[in-house]
Amino acid sequence: MEITISMIKELRAATGASISDCKNTLIKADGNTDKAVEFLREKNLIMKLKSKPLPYGRMFFRCYSSVDEKICWSLHPIKRYEDYRTYTRLDLNKMPQLIIFRTDYEKLLLEHIQAIYPITDPQSYEIEQCFCQTSENWIGKSDWQIIMLRIEAELKRVSNRLPKPEREFYLNFLTWIERELDKADIIIIDCNL
């Protein structure tokens, strides 16, 4: 089968892999996009966008949120050995944080977060039955890894149908979470709905 430029562009948009990787994989897959995505995943080439470095400090990711939209979540990574009870809002705001706005939270992340509950709160070790949309949620590393796996599975399942802004939002979100979990055991989601 002839591999067209539009096929390469489509695969590149869906995966973030390089043009040459997309072309070679499409040739190997006889033009079948689904097989090409699998080949790229096997070679760990599928989300090269994930590996782009992100700056530290306060991050804002937007997909559907308007510029003047209310902040809905701020995510704060912390280490387990630190004394949680001494944290104040000011301390949390000095740490690296990721800001998520309401529309993006509702459309893109809420389902993935709610799916992991009930969980054990890594601060109090009590069972939390549901995600609280009005206060802090302390989510441990293993639960974040489940959330990341859910999002990655969703990206894989709908990769060629997912709009580019959504895909980039998810990839940036996954990159930030993955980077922060290298240093932290817990990421607090501070909700203010």
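Computed values, structure above
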quantity: Residues satisfying the stated conditions in segment 152-183, i.e. among the aliphatic types (A, V, I, L, M), farther than 20 Å from Pro122 by Cα and in contact (Cβ under 8 Å) with a residue 40 or more places away in the chain; calculated: Leu155, Leu162, Leu171, Leu174
quantity: Scan of segment 131-149 for residues that are more than 17 Å from Glu38 (Cα to Cα) and either part of a helix (DSSP H, G or I) or among the charged types (D, E, K, R) (or both), ordered by number; calculated: Glu136, Lys141, Ser142, Asp143, Trp144, Gln145, Ile146, Ile147, Met148
quantity: Some residue of segment 116-130 being within 30 Å of Asp34 (Cβ to Cβ) and modelled with pLDDT of 85 or more; calculated: yes
quantity: Residue match in segment 161-184 (condition: of a type in the set (A, V, I, L, M, F, W, C), in a loop (DSSP other than H, G, I, E, B) and under 20 Å from Ile119 (Cβ atoms)); calculated: yes
quantity: All positions within segment 149-171 that are surrounded by 20 or more Cβ atoms within 10 Å (Cβ to Cβ) and either within 18 Å of Phe60 (Cβ to Cβ) or in contact with an Asp or Glu (Cβ under 7 Å, 6 or more places away or on another chain) (or both); calculated: Arg167, Phe169, Tyr170, Leu171
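The values are calculated or read from the model by the stated rules, or taken from the named source; none is laboratory data. What you are looking at is a predicted structure, and each value in this text was computed from that prediction instead of being measured. Reconstructed Cβ throughout: ideal geometry from the backbone, glycine too, with neighbour counts over all protein chains shown.
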